[in-house]
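The values are calculated or read from the model by the stated rules, or taken from the named source; none is laboratory data. Keep in mind that what you see is a predicted model, and the values were worked out from it rather than measured. Note that each Cβ is placed from the backbone with ideal geometry, even for glycine, and that neighbours are counted across all protein chains shown. Each accessible area value is taken on the protein alone, full model and side chains, heavy atoms only, with ligands, DNA and RNA left out. Shrake-Rupley method; radii C 1.70, N 1.55, O 1.52, S 1.80 Å.
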Amino acid sequence: MKLLIQNGTVVTCTDSFRGDVFLEDGLIHSVGANIRTQFPDAEVIDATGKLVLPGAIDGHTHIEMPLGETHSSDSYFTGTRAALFGGTTSIIDYANQVIGESLNKTLNDWQIRAKDQAVCDYGFHMTISDPREDFLKEIPGLLDAGVSSFKCFFAYKGRLMISDEAFVRLMKLSRRYGFLVNLHAENGDMVEEATNRLLSEGKKSPQFHALAHPREAEVEAVERAIRLAEQTGGNLNLVHITCEESVQAIAEAKKRGVHLFAETCPQYLILADDRYDLPGFEAAKWVLSPPLRKIHDRNALWKGLAEGTLDTVGTDHCPFSFEKQKTLRKDRFDRIPNGAPGIEDRVEILYHFGVKQDRISLNQWVDRCCTAPAKRYGIYPSKGDIVPGSDGDIVIFDPEKTHTISARTRHMNVDYNTYEGISITGKVESVFLRGIPVIKSSQYLGCPGSGQYLTRTAPEGC
Ligand code: URP
Ligand code: ZN
Ligand code: ZN
């Protein structure tokens, strides 16, 4: 298939220019101003007035994530289709080890779940919650199988939290083998203490979720992880960073040469903890961890993104139906399934609140949503850029289209939207995955199972 996307504004992490992109056999063949005359037999797509970007990479999703008697509500089909509608052509999803089960089994289980369902390309981070020696020995084999990043938790005491000793071991292995350690940085003991105190005072409604996850718990965990990364020389990636003091600690560490990366998410950039003041059970929609913070934290996160202290924006997409799942354990805030939807919203939100409102540049938008995640997660340059030889993953974006975000018009399998009612300018119009149109004029054209597994290599810089 030969496709010529012509006369758009091609935007990469370093450049923006009026030009054409020619795709052949699933790859980007040529990019430039006025190259159209060289390809007279190509099917032409006119992108006049539109932005032409690399397909975005969401490095933080939880699709069909098991949680107690339920699982997050998007299947690999609905979740990855929603990703495409939002301009995301690759995701790195979290495969969660069950305590007592091997990492190889975990990978196999997730592969089976995704294989015939996914419609965008996908890879897996592996969550390690049982770091016994036998399981850590599986890591080299997993690297060969394309899993080049692992996640662990300083939070969720008694379930997922690992000790500092295990974390140090993992960091040393990351240095030896060249993989990335993604960390959920909240002090699990502090969260446990705050939760128990609130519950003993009869404070059980979702309004108290944020008080149970104080900012100090994040800051302590971030600072501790940075020190341990510094001592071990391991490869640390702090995910879903939410507050000003964390950004400061990361900036200082980077300045003194600690090998470190960091991610934030759209919900922390544009929402705040006033959502927990909403009456009744409404606040449960934003029961996610870490919780939403203060307005001054949002400003610090934007500044961190603009200055490169924060490297990437992932969604932490982890949807649970408000009516059917968030209510499962209605009587206690600490039992409400944690997480919120967002896989479809990220690229447009970052454009409206970031680029249009002059917080980040057009090129930084592409970098934080596309290029930096591709580099960080070992899929660059086949993903995340518009250069000859890269996969033909392209988004045509209408920078002028104004619309209002709503669960009614989004495609995620969930009955509410984290950003319901927010009006934004900028909309994903068409999406190509490996040269094939999958979204055209906001209509989905793909079929289940057309997404490919990403055999990821060592992240850049590891
Ligand atoms: O609340 C959240 N973020 N749920 C997903 C799991 C995690 O900690 O990332
Ligand atoms: Zn987490
Ligand atoms: Zn997560």
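I'd like to check one number: the per residue accessible area of region 55-376, probe 1.4 Å, reported in Å² as a whole number.
Working: 10840 Å² over 322 residues.
For region 55-376, the solvent-accessible area averages 34 Å² per residue.
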Where in region 424-439 does the label zone of Gln357 land, with the point 7 angstrom along Cα→C-beta and an amide N cut-off under 15 Å?
-> 424-426
Would you grab the residues whose amide H sits under 5 Å from the one on Lys427? Only those 5+ places off in sequence or on another chain, please, with H modelled 1.01 Å from N.
-> Asp398, Glu400, Lys401
Nearest-5 percent of antiparallel DSSP beta bridges in the chain?
-> 50
Could you give the nm distance between label points at Glu307 and Lys172, where each point is 7 Å from its Cα heading toward the beta carbon?
-> 3.4
If packing is taken as the mean number of other Cβ atoms within 10 Å per residue, what is the order of 101-109, 222-230, 293-301, highest first?
-> 222-230, 293-301, 101-109
In order through region 141-153: 3J(HN,Hα) via Karplus (6.51 cos²θ - 1.76 cosθ + 1.60), integer Hz, x for Gly, Pro | x, 5, 4, 5, 7, x, 9, 10, 8, 10, 10, 9, 10
Taking a spot 7 Å from the Cα of Ser16 along the direction of its beta carbon, which residues of region 421-448 have an amide N less than 14 Å from it?
-> 426-427
Taking the Cα centre of the chain as origin, work out the dipole magnitude from +1 charges on Lys and Arg Cβ and -1 charges on Asp and Glu Cβ, in debye rounded to 20.
-> 180
Per 10 Å bin, what is the whole-percent P(r) computed from every C-alpha pair distance within region 417-462?
-> 19, 30, 30, 21, 0
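Using packing as a proxy for protection, rank 3-10, 165-172, 151-158, 366-373 so that the peptide with the highest average count of other Cβ atoms within 10 Å comes first. Present the calculation step by step, with values, prior to reporting the outcome.
Numbers: 3-10: 22.0, 165-172: 17.8, 151-158: 19.6, 366-373: 28.0.
Highest mean packing first, the order is 366-373, 3-10, 151-158, 165-172.
Show me the ranking of peptides 318-327, 341-350 by mean Cβ neighbours inside 10 Å, starting with the highest. Kindly include the intermediate steps, with their values, before the conclusion.
Working: 318-327: 19.8, 341-350: 27.1.
In decreasing order of mean packing, 318-327, 341-350 become 341-350, 318-327.
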For Leu180, the residues 5 or more places away or on another chain with a placed amide H closer than 5 Å to its own amide H are Ser149, Phe150
Quick one: compute a quarter of the convex hull surface over the Cα atoms of region 353-444 and quote it in nm².
-> 7.0
Measure nothing but the geometry: give the 0 to 90° angle between the long axis through the Cα atoms of 215-232 and the longest principal axis through the Cα atoms of the chain, rounded to 10°.
-> 80
Region 104-151-region 346-401 distance, computed between alpha-carbon centres (Å) = 26
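Let me know the Kirkwood hydrodynamic radius for the chain, please, with Cα pairs as the basis and the value in Å to one decimal.
Hydrodynamic radius (Kirkwood, Cα pairs) of the chain is 22.1 Å.
Please compute the alpha carbon radius of gyration of region 166-246, then divide it by the globular-protein estimate 2.2 N^0.38 Å. Two decimals is fine. Show your work: numbers first, answer last.
Numbers: Rg = 15.2 Å, N = 81, 2.2 N^0.38 = 11.7 Å.
Rounded to two decimals, the normalised Rg is 1.30.
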Quick one: helix 188-200 against the long Cα principal axis of the chain, what's the angle to the nearest 10°, folded into 0 to 90?
-> 60
Region 28-80-region 268-285 distance, computed between alpha-carbon centres (Å) = 31
How far is helix 164-177 tilted, in degrees, relative to the longest principal axis of the Cα atoms in the chain, given as a value from 0 to 90 rounded to the nearest 10?
-> 30
Set Lys and Arg Cβ to +1 and Asp and Glu Cβ to -1, take the dipole of region 55-376 about its Cα centre, and tell me which of Thr242, Val98, Gly158 lies farthest positive.
-> Thr242
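What number do you get for region 52-100 when its Cα radius of gyration is normalised by 2.2 N^0.38 Å, N = residues? Present the calculation step by step, with values, prior to reporting the outcome.
Details: Rg = 12.6 Å, N = 49, 2.2 N^0.38 = 9.7 Å.
Relative to the 2.2 N^0.38 Å estimate, region 52-100 comes out at 1.30.
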